[in-house]
Amino acid sequence: MRDDVPEPPAAEPAPATPPAEAEPAEDWETRFKYLLADFENFRRRSERDREAAGRQTRGALLRELLPILEAFRAARSSWEALPARDPVRTGLEILDREWATFLKHEGVESVAKVGDPFRASEQEAVGEMPTREGVAEGAVAEIVQQGYRFYGGLLRPAKVFVARVPSPVGGDSPPEDRPPAPGEGP
């Protein structure tokens, strides 16, 4: 049997999708330059972060070593009483120089010196002392505990006494030439 139904016309083959427009070579070159710059920035940032982590770790270790260094230096008065040619004294002096070399190599600096102006950002005032020759008012008069700086950051603040001019005896009463402040009296 023959079908009298005509066959539908054959569908035209679908046109192949036109190829995506080729991006201009300049666009690829620009994208490559941006990608390269981003990678370079990432590399630099990673290097800075790695250096910062190393400094932070070294700073933590140095902070732990400071009490040992201070105990060693506090014992200095004992070994200075030994004769100059005593082998124990010689050994301790060598060790003291090695400590100093180590701290200098690591970039550790002390922050307090007698006679220098008091700096609240690096020093903690634990008291006041009368001024004396060579020490001006507001300057460090005595160091109780040395503080240290490491790569510009503070490992530990110094604990110091600050020089002050002693107030005159009876300094609580107001001077005669000014009227008393409210609450000071009649």
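Some points to look at:
- Of the trypsin sites (Lys or Arg not before Pro) found in the stretch 117-159, the ones in coil according to DSSP and having at most 15 other Cβ atoms within 10 Å of their Cβ are ARG119.
- For PHE42 and ALA60, the difference between the fully extended length at 0.36 nm per residue and the C-alpha to C-alpha distance is 3.8 nm.
- Here r is the Cβ-Cβ distance between ALA53 and ILE94 and R0 is 45 Å; the resulting FRET efficiency, rounded to 0.05, is 0.85.
- Relative intensity, log₁₀ I(q)/I(0), of the stretch 107-168 from a Debye sum that treats every alpha carbon as a point, q = 0.29 Å⁻¹: -1.14
- With 0.36 nm allotted per residue and the present C-alpha distance subtracted, the ALA84-GLU109 stretch has 6.1 nm of extension available.
- Spin-label model, GLN145 to ASP116: label points 7 Å out along the Cα-to-beta-carbon direction sit 1.8 nm apart.
- Under 5 Å between amide hydrogens, built in the peptide plane, is the criterion, and for MET129 it picks out VAL162, ALA163, ARG164 among residues at least 5 positions away or on other chains.
- Overall dimensions of the stretch 63-111 as given by Cα atoms, namely Rg and Dmax in Å: 11.9, 34
Read-outs: derived from the displayed coordinates by stated rules, not from any lab. None of the values given here were measured: they were computed from a predicted structure. When we count neighbours, we look across all protein chains shown, and the Cβ atoms used for this are built from the backbone with ideal geometry, even at glycine.
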